Amino acid sequence: MSIEKQLSEAFKHNEASLLCPPSLDNRIMAEYEQAAMDKGRNVKMMKKGRLPKVALIAVVVVLLCGFAYGSKFLFSNATDKLSYQLYSSDAFHLKEETFQNVRATINEVQSQLAPGEAALVYLPEVIKDFPLYGVYNPEYIADKQQWQQVLEEQGVTEQLPDSLLGDEYQFEAGAVMNYPLIGLDQDDLIAELEAERKSSNNEKPIWRLTDRMMDSYSKFTSVYRAAHGNAIQLSWQIYDEVTKIDGYTSPTTDVEELNLNGKKAHYTKNNQSLLAESGVLQSVMWLAEKDGKSIMYTIESDSPDISKETLIEAAKSLP
Amino acid sequence: MKNIDRSPWLIRMSQGDKEAFRMVYEETRDHAYRLIYYLTSSKEDAPDIMSEVYIELLKSAGNYRPEQSFKAWFNGLIVRQVRNWNRKSWRLYRIVEKVKLMTDTSHDRASEAQFSAISDQLELYPILRKLPLKTREVIVLRYYQDCSLEEIAALLNIPLGTVKSRHHHALKQLRRYFEQIQGRKEQNDYVYREATK
């Protein structure tokens, strides 16, 4: 047997018998707590002084799902506190038939959720390695004053416009959009859902309710609707800590840099948006710094009849 | 370790979420321990290096990019911590810090010693000890982690030619060592058979 094979087999043979001593668990947990406390103190001290230009926290907002394989850089934008990069990845490109099936499954689950509820849907045909997709049914507030109050409590100091594009698009409702948290502890759930899929003969979606959300990264969305049914959504995301966001999208997404009243902005059109009703999501996004916080503004629409120019005009019309 | 997105958990643990840290730790500890065990010059140091690795993971979590392989990124972090450990002054400084931090480690130490005794039975450890750290890194990453030579070059941040050369020399040395062991075994076997005739 070659030396290479002998080495590989020796490592393989040892794997089961060489485990981390259980006694180390308490020690490492105690050291983590101590170091996390020290780190918290250091961050507070830095806040008093000049803020570092390098991002401290990497936040991942995944547009389609929680994964990012080999990716291509599309654009970046930044304020003093917030930096945003968008990448495209082949991993997010689905065949048309798969895309339509997955959207139907997501819609079916979403229709069964009560307002404010979130779920993890089992979609092995989309993400092989980690087949869970987060779905949320927002709780809309139709009263504009009440919604404005919610926004103020969340730190949005700007006055909510009554309408967009003159009087064409009127305020309809507002909602806090939350992202369900998907992560390491879901292995047991995946195994359970896979077993359910194997034992089930019908085509029913397989999913579970979840109450674990990424609370720090909520999006505050106001919906404006025109008489003919088209809708435009205006959203704020507020970051009061130094934050880095990496977004991922389908490789078919169109991107264009814009000058929005002197501010750098980006237009994107994603033709495979799983959460958009039409499957197509257009968006204009820009960043601003206000009262020591970073704000990400987005003007979006999944109405198929709305043109890029209309969306850009709506963004430009904002104060 | 599975190829899943750990970003949300790394973010949460870097913000002080103990449960998120526990998740990451429980999922990675055996892998980290084995890699440290194979790389370190003294197996008694493995528990201390483990603790350094997880403190460094907390500090570096913000540098991890989700499009990277977590395993490769984490392996790089472990390799750097093992190298750091070899610097004596650093090691002494950390020991002083640990004495301050830990209230009672006597039970842990006893348990770790017992565990090391079990691990002493493994045959790989003395073989790897024959190699200098730089070549040992290449062998462990190649045959334990199944990394390609290109991946090892990227992970260790050295030219591919250097990796190839270290790999070649390490195999030559190990081949010689295996032959010696084989020779000794055959000799013992011969003596045993002679004595029982």
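The values are calculated or read from the model by the stated rules, or taken from the named source; none is laboratory data. Bear in mind the structure is a predicted one, so any value in this text is a computation, not a measurement. Glycine also receives a Cβ, built like all others from the backbone with ideal geometry; neighbour counts cover every protein chain displayed.
Residue by residue, here is whether (1) of a type in the set (A, V, I, L, M, F, W, C); (2) under 19 Å from the mean Cα position of the chain (by Cα) holds:
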position: B:R6; (1), (2): no, no
position: B:L10; (1), (2): yes, no
position: B:A32; (1), (2): yes, yes
position: B:Y38; (1), (2): no, yes
position: B:S41; (1), (2): no, yes
position: B:I49; (1), (2): yes, yes
position: B:Y54; (1), (2): no, yes
position: B:S60; (1), (2): no, yes
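May I ask you to list pairs of residues, at least six apart or on different chains, whose Cβ atoms are under 6 Å apart, with the first in region A:1-29 being farther than 28 Å from B:I55 by Cα and the second being of a type in the set (S, T, Y) and surrounded by 15 or more Cβ atoms within 10 Å (Cβ to Cβ)?
Hits for this filter: A:L7/B:Y143; A:S8/B:Y143.
Count, please, the residues in region A:270-298 that happen to be closer than 16 Å to A:D254 by Cβ and in contact with a helix residue (DSSP H, G or I) (Cβ under 7 Å, 6 or more places away or on another chain).
4
Kindly evaluate A:Q233 against the criterion of being touching a residue at least 12 places away in the same chain (Cβ under 8 Å) and within 27 Å of A:D143 (Cβ to Cβ).
yes
Quick one: which residue in A:L275, A:L311, A:L209 is in the same structural domain as A:G166 (by TED's automatic domain parsing), surrounded by fewer than 20 Cβ atoms within 10 Å (Cβ to Cβ) and either outside any strand (DSSP E or B) or β-branched (V, I, T) (or both)?
A:L275
Could you tell me which numbered condition B:D30 fails, if it satisfies all but one of (1) closer than 27 Å to B:L128 by Cβ; (2) more than 7 Å from chain A (Cβ to nearest Cβ)?
So B:D30 meets the others, but not (2).
For region B:33-46, which residues satisfy the criterion of being modelled with pLDDT of 85 or more and either touching a strand residue (DSSP E or B) at 6+ places or on another chain (Cβ under 9 Å) or more than 7 Å from chain A (Cβ to nearest Cβ) (or both)?
Across region B:33-46, the qualifying residues are B:L35, B:I36, B:Y38, B:L39, B:A46.
Which of the residues that make up region B:159-193 are at pLDDT below 85 and closer than 27 Å to B:A72 by Cα?
B:Q173, B:L174, listed by residue number.
Collect the residues in region B:3-21 that are facing chain A (nearest Cβ under 7 Å) and of a type outside the set (S, T, N, Q), keeping them in residue-number order.
Answer for region B:3-21, where residues must be facing chain A (nearest Cβ under 7 Å) and of a type outside the set (S, T, N, Q): B:I4, B:D5, B:R6, B:P8, B:W9, B:I11, B:G16, B:K18, B:F21.
Would a scan of region A:134-149 turn up a residue that is at pLDDT below 90 and within 14 Å of another protein chain (Cβ to nearest Cβ)?
Yes: one or more hits.
Residue check, B:L92 against (1) at pLDDT 50 or above; (2) in a helix (DSSP H, G or I), all met but one. Which one?
(1)
Mind listing just one residue for me: the one in region B:137-165 that is closer than 15 Å to A:I3 by Cβ and not in a loop (DSSP other than H, G, I, E, B) and, of those, nearest to the chain's Cα centre (by Cα)?
Here the answer is B:V140.
Checking the condition crowded, with 20+ Cβ neighbours inside 10 Å, within 14 Å of the chain's Cα centre (by Cα) and part of a strand (DSSP E or B), which residue from A:Y248, A:Y224 passes?
Result of the check over A:Y248, A:Y224: A:Y248.
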